[in-house]
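Visitor: Got a structure for you, questions after.
Just so you know, all these numbers are worked out from the coordinates, no wet-lab data involved. Nothing here was measured: the structure is a model prediction, and the numbers come from that model. Every residue, glycine as well, gets a Cβ built from its backbone with ideal geometry; the counts of neighbours run over all protein chains shown.
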Amino acid sequence: MAVPEPVPVPGLAPGAPPAPAGDELVDWITTSTERSRTVASAVPPVYARYATVLIPDGGEAKDRADAALVEVLQSHTTGQPWWLGYLDTGVADVVEPDARRVAVYAGWPYVLLEGGPERALSARRTSDATPWHSALPELLFPRDRSWLVTTMWDDDWRCVGGPAAVVQAVLGHPDLRARAVTPDQEAAPLGSGPG
């Protein structure tokens with residue numbers, strides 16, 4: 001299924017303030033991704049391996065998949081903070097509504113918070129605001145940028161880039177529906193489409 005072209009700062013009403021400026025914490029993502037329908041539109045092509053992970057329908061399945069992904073990431077990350085990016089869609093909980101936004105990708109506004117595995121799983125209060133949202137933020141990466149997980153605007157899947165061991169663990173986890181991809185492949189997992 002085709003992925004629609006992203007629209008800069010979707011959801012902002014006419015007359016709304018302009019998109020926020022970029023930030024050094026996320027500019028490495030925006031400047032290294034491309035506008036396309038490929039995995040490289042979501043994850044910079046700098047990692048050893050890549051995967052897409054379907055976000056399941058239904059609360060229990062979503063919760064299990066979220067916990068499984070965080071478990072994999074935590075088990076492959078040395079003790080360090082994670083950056084949690086909550087995309088301001090106008091519907092989803094951004095956790096701290098008054099926090100400063102940073103622009104990522106096509107100028108989309110994210111609330112970027114420092115946290116860790118526990119906060120990634122528990123900070124969002126309205127995890128079912130739309131079919132493609134879950135408890136997890138739309139952007140996750142550790143301080144050392146050794147892996148990146150992102151969920152684009154209205155996708156019902158996540159793109160993952162990281163070391164081979166991280167991606168292999170994602171692919172092998174029984175609670176995750178994942179497939180291995182390369183940066184130049186279509187991002188949508190088989191049987192999936194925009195939310």
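Visitor: Just to be sure I understand the model, the point goes 7 Å from the Cα along the line to the Cβ. What's the resulting residue 63 to residue 164 distance in nm?
Guide: Calculated label separation equals 3.7 nm.
Visitor: Then there is this: Which of 108, 82 comes first, and how do the rest follow, when ranked by fewest Cβ neighbours within 10 Å? Please list the in-between numbers first.
Guide: Values: 108 27, 82 22.
Ordered from fewest to most neighbouring Cβ atoms within 10 Å, 108, 82 come out as 82, 108.
Visitor: With the contact rule set at Cα under 8 Å and sequence spacing of 6 or more, what percent relative contact order holds for the range 72-149? The partial results should precede the final answer.
Guide: On the way: 132 pairs, mean separation 28.2, N = 78.
Computed value for the range 72-149: 36 percent relative contact order.
Visitor: A further question follows. Can you give me the relative contact order of the range 50-195 as a percent, contacts being Cα pairs under 8 Å and 6 or more apart?
Guide: Numbers: 280 pairs, mean separation 48.6, N = 146.
Dividing the mean separation by the residue count of the range 50-195 yields 33 percent.
Visitor: Within the range 52-94, whose backbone N sits under 17 Å from a point 7 Å along Cα→Cβ of residue 179?
Guide: 52-57
Visitor: I've got another one for you. Multiply the residue separation of residue 145 and residue 186 by 0.36 nm, subtract the distance between their alpha-carbon atoms, and state the gained length in nm to one decimal.
Guide: Details: separation 41, 0.36 × 41 = 14.76 nm, distance 2.32 nm.
Gain on extension, residue 145 to residue 186, equals 12.4 nm.
Visitor: Restricting to Cα pairs below 8 Å that are 6+ residues apart, what does the relative contact order work out to for the range 24-103? Please round to a whole percent.
Guide: Details: 26 pairs, mean separation 14.3, N = 80.
It comes to 18 percent, rounded to a whole number.
Visitor: Counting C-alpha atoms alone, how compact is the range 38-181: give Rg to one decimal and Dmax as a whole number, in angstrom.
Guide: Every Cα atom of the range 38-181 included, Rg and Dmax give 13.7, 39 Å.
Visitor: With a 10 Å radius around each residue's Cβ, average the other Cβ atoms per peptide and rank 95-102, 166-173, highest first.
Guide: On the way: 95-102: 14.0, 166-173: 19.0.
Result, highest mean first: 166-173, 95-102.
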